[in-house]
Amino acid sequence: MGASDPEVAPWARGGAAGMAGAGAGAGARGGAAAGVEARARDPPPAHRAHPRHPRPAAQPSARRMDGGSGGLGSGDNAPTTEALFVALGAGVTALSHPLLYVKLLIQVGHEPMPPTLGTNVLGRKVLYLPSFFTYAKYIVQVDGKIGLFRGLSPRLMSNALSTVTRGSMKKVFPPDEIEQVSNKDDMKTSLRKVVKETSYEMVMQCVSRMLAHPLHGKLGVLSSIGKIFKEEGLLGFFVGLIPHLLGDVVFLWGCNLLAHFINAYLVDDSVSDTPGGLGNDQNPGSQFSQALAIRSYTKFVMGIAVSMLTYPFLLVGDLMAVNNCGLQAGLPPYSPVFKSWIHCWKYLSVQGQLFRGSSLLFRRVSSGSCFALE
């Protein structure tokens, strides 16, 4: 993408941060990945039937309630509900954009401010790079408040396309009706169900990722499409796709399987909050099982842990999107020209920077950093 594109921040053109404006487009993949994490981390409904008091048979299933549209509405109201989901997603995307924009600039090594001397918890003096708030304040000073929202439009389009794609796939290929797991014995025998659910979610995520990826790449505005096609061909729209797909797949399987085994083998159904144990059939509402509460948040906690482990996939995918694309941030001396995403991964690993940008508050200067500070 050329420096003349309107999405490129004027303070970032032509410098080591020449990626800044275009980077917002690539940073959209961070938003999409975050969306994937949020979906996988969402705790299951807390109103599942108690082991001793199963759910009434007359209660409609989730599939019947949403008309098989995967939660995007039912019957004639499906288009309206889907539009509502897109609108809500756009609002969340807009609010989170400054955070992901700054995060992307840090990922590609753009450090416009020098580090400051501080002390760690052991009292030793160390160099700290600017936190998110300091970085955001700097952007506002040199580019105005609008500078925090450079590259927002491709992110909005990408997330909307992803939401519509997933909703459409659920309508065409509705998931099988899933019965609620009610006790520990059922959890132990439900591995097949977990595998089936995760496989279905994986296919949807991979398809939506591939369709929306061109908007996550080096695009700042749609006028860049011709430039990318001319210089890099059709494959130029999918640079960095493979590590993002691998990250999504590892995250989904890791989160769901870990949550399943913890719920099946480590959560004790006999634990309750009331002295009377699990209660009795004559007074089913007199107790609340701690096991149900624990299970409802297991996937949420596992999502946080697994997302930290899969962060390098996101970082490598974003770096590949700007590597050797004509912007100085993706060229020597600011960055080597990587032959493949595996080459990029190995290089970051040697430099000890596979988790660069994962923290936006306490950022110590890495001794192996090769990115010059401006």
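The values are calculated or read from the model by the stated rules, or taken from the named source; none is laboratory data. Quantities reported herein were computed from a predicted structural model and do not represent experimental measurements. Cβ: placed from backbone, ideal geometry, glycine included. Neighbour counts: every protein chain shown. Surface accessibility is based on the protein's heavy atoms, side chains included, excluding ligands, DNA and RNA. Shrake-Rupley method; radii C 1.70, N 1.55, O 1.52, S 1.80 Å.
Structure notes:
- Under 5 Å, built H, 5+ apart or other chain: amide partners of VAL126: GLY118, THR119, ASN120
- Cross-link pairs exceeding 27 Å in C-alpha to C-alpha distance, out of LYS137/LYS230; LYS103/LYS299; LYS230/LYS339; LYS171/LYS193; LYS230/LYS346; LYS299/LYS346, comprise LYS137/LYS230; LYS230/LYS346; LYS299/LYS346.
- Most to least accessible of THR165, THR119, THR81 (protein chains only, probe 1.4 Å): THR119, THR81, THR165
- Loop trypsin sites (Lys or Arg not before Pro), the stretch 99-141, which have at most 10 other Cβ atoms in a 10 Å radius of their Cβ (DSSP): ARG124
- FRET efficiency, 1/(1 + (r/R0)^6) with R0 45 Å, evaluated for ILE294 and MET210 via beta carbons: 0.80
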